[in-house]
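I have placed the structure first, in the form of structure tokens, so that the comments after it can refer back to it.
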Amino acid sequence: MEKSFFSIYKIFFKIGLLLLGGGYVILPLLQSELVEKKSWISNDELCEYYALSQSLPGLIAANVSIFTGYKLLGFRGAIASLAGCISPAFISIVLVASLLEQIVRNTIVHSIFFGVGVGVVILLFLAVKEMWGRSVVDRFTWVIFAYALVLSVLKISPVFVITSSILFGVLYKYFVREQKEGN
């Protein structure tokens, strides 16, 4: 089979349909389709693309498809492979979104979401309980906790709360270490 825009799109659409487990599932699918059946790339190339894709931000499957498509047909191949890989998910989302409004109005679904909401609150409580003993251990960590809580109640951006807390922690550790080494 020739390496045309449509053939690349078709292969990656097929892979995208089967890609239910995330980026880690794509490797055997790509090996079967591109290495064994089509002989478009080698096993070594596939492993390199996969390794590189894991180190880049974004979806592993999308990154691998871009690298592979680019190898096959340049920029057009990258577009074809990416479009093929994400089309099944996009189509699924559009179909689910069209049904979602009807589903959400259902009283049984409301009851399910209420139950799930209570379950999520309990899981969050258990996570906080688990982390509390390891996180808030001295006067400084109590101060950071109170600081973060006050800023959160005031609806300050979580990015600022986390970043400033990290900065205070680093500065505190730096000055405590300097003070201990100075004595």
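Worth a mention:
- Selection from region 49-59 of residues that are surrounded by fewer than 21 Cβ atoms within 10 Å (Cβ to Cβ) and either within 18 Å of ALA83 (Cβ to Cβ) or free of Cβ contacts under 8 Å to residues at least 12 places away in the same chain (or both): ALA51, SER55, LEU56, PRO57, GLY58, LEU59
- Taking (1) closer than 22 Å to SER4 by Cα; (2) touching a residue at least 12 places away in the same chain (Cβ under 8 Å) in turn, LEU19 satisfies each apart from (1).
- Residue match in region 61-79 (condition: at pLDDT below 90 and open to solvent by 50 Å² or more (accessible area, probe 1.4 Å)): no
- In region 109-128, the residues that are at negative phi reach residues that are aliphatic (A, V, I, L, M) and open to solvent by 70 Å² or more (accessible area, probe 1.4 Å) with C-beta atoms within less than 8 angstrom, at least six apart or across chains, in these pairs: VAL109/ILE103.
- Flag if ILE122 is open to solvent by 60 Å² or more (accessible area, probe 1.4 Å), at pLDDT 85 or above and either in a loop (DSSP other than H, G, I, E, B) or not acidic (Asp, Glu) (or both): yes
- With respect to the conditions (1) at pLDDT 85 or above; (2) open to solvent by 70 Å² or more (accessible area, probe 1.4 Å); (3) not hydrophobic (A, V, I, L, M, F, W, C), GLU101 falls short on a single one, namely (1).
- Among the residues making up region 125-150, a single one is of a type in the set (Asp, Glu) and either surrounded by 10 or more Cβ atoms within 10 Å (Cβ to Cβ) or more than 30 Å from ILE162 (Cα to Cα) (or both): GLU130.
- LYS180 satisfies every condition listed in (1) surrounded by 10 or more Cβ atoms within 10 Å (Cβ to Cβ); (2) free of Cβ contacts under 8 Å to residues at least 12 places away in the same chain except (1).
- Some residue of region 33-41 being more than 11 Å from PHE12 (Cβ to Cβ), open to solvent by 20 Å² or more (accessible area, probe 1.4 Å) and in a loop (DSSP other than H, G, I, E, B): yes
- Test: LEU46 is of a type in the set (A, V, I, L, M) and open to solvent by less than 80 Å² (accessible area, probe 1.4 Å): yes
The values are calculated or read from the model by the stated rules, or taken from the named source; none is laboratory data. Predicted model, so just to flag it, every value in this text is computed and none were measured. Quick reminder, even Gly has a Cβ in these numbers, built from the backbone with ideal geometry, and neighbours come from all protein chains shown. The accessibility values were calculated without ligands, DNA or RNA, using every heavy atom of the protein model including side chains. Shrake-Rupley method; radii C 1.70, N 1.55, O 1.52, S 1.80 Å.
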